[in-house]
Amino acid sequence: LIFGVSILATQMSRPYIPLLVEDVNAGAANLASAIGLVAGTAALVGALISPLAGPLGDRVGFRRVLAGSLLGAGTMLILMPFAPSVAALAAVAGVYGALQASTQAMVFGLVAVEVAPERRSATLNLILLPLYLAGIIGPTLGAAASSVGGITAPFIAAGFVFLIGGIAVTASLRRATSARR
């Protein structure tokens, strides 16, 4: 479910990044370069940080890193439309890329350590189902949000999807901690 939340939020907002860059770029001639900077920064930082998320999850707990990544990614998406410049937007997108990649690393880490070996194959066969569903539902929700609230709305709506997932994981952590006491 949390993997689906992460992909859903990403699919709601990702198609609108070039339009957001165009808005922040304010008619400057270097639009293609600006889009490449923002999208490339997010992808590069995500690729570089993702391998570091696993050891962090081993040290502090996969669910803790997952909760923090979801909450952070949601916050970054909400901040994106308010970036004052393309450079600031690229920085926010880079942090978002790192957090979103960490979210996915934690989901797969949890599957690896918590699903019984005899059920792991079946679980991994179904783990892409949220990707497929979110690939249909996410852009539809993003389009609905943008038709109501403009270019800012898909980012804010997607940010709240991430935040809801982060709050749910945080609540489950608190319940588990309380149950152990």
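The values are calculated or read from the model by the stated rules, or taken from the named source; none is laboratory data. Because the structure is predicted, anything quoted here is derived from the model rather than measured. Backbone-built Cβ (ideal geometry, glycine too); neighbour counts: all protein chains shown. Only protein heavy atoms, including side chains, enter the accessible area calculation; ligands, DNA and RNA are left aside. Shrake-Rupley method; radii C 1.70, N 1.55, O 1.52, S 1.80 Å.
Which whole DSSP H helices in the chain pass both tests: a Cα extent of 20 Å or more along the axis and a mean Kyte-Doolittle value no lower than -0.5?
Values: long enough: 31-60 (42 Å, 1.38); 62-79 (25 Å, 1.35); 86-114 (41 Å, 1.48); 129-149 (29 Å, 1.30); 152-180 (42 Å, 1.05).
Membrane-span-like by this criterion, though nothing is claimed about a membrane: 31-60, 62-79, 86-114, 129-149, 152-180.
In the chain, Cα pairs under 8 Å separated by at least six residues give a relative contact order of 40 percent.
If you roll a 1.4 Å probe over the heavy atoms of the protein chains, what accessible area per residue do you get for the range 4-129, in Å²? Intermediate results must be reported in sequence, preceding the final value.
On the way: 6080 Å² over 126 residues.
On a per-residue basis, 48 Å².
Ligands, DNA and RNA aside, ARG63 has an accessible area near 100 Å² when probed at 1.4 Å.
For the chain, with all protein chains in place and a probe radius of 1.4 Å, 68% of the accessible heavy-atom surface sits on carbon or sulfur.
Starting from the Cα-Cα distance between VAL111 and SER33, subtract it from 0.36 nm times their residue separation and give me the gain in nm to one decimal. Walk me through the numbers on the way to the answer.
On the way: separation 78, 0.36 × 78 = 28.08 nm, distance 3.85 nm.
Once the chain is fully extended between VAL111 and SER33, it gains 24.2 nm.
By average Cβ neighbour count within 10 Å, what is the ranking of 107-120, 145-158, 88-101, 49-62 from highest down? If you can, show how the numbers build up before the last one.
Details: 107-120: 12.8, 145-158: 18.9, 88-101: 23.1, 49-62: 15.4.
Those peptides, ordered most packed to least, come out 88-101, 145-158, 49-62, 107-120.
Starting from the Cα-Cα distance between ILE164 and LEU128, subtract it from 0.36 nm times their residue separation and give me the gain in nm to one decimal.
Full-extension gain reported as 10.9 nm.
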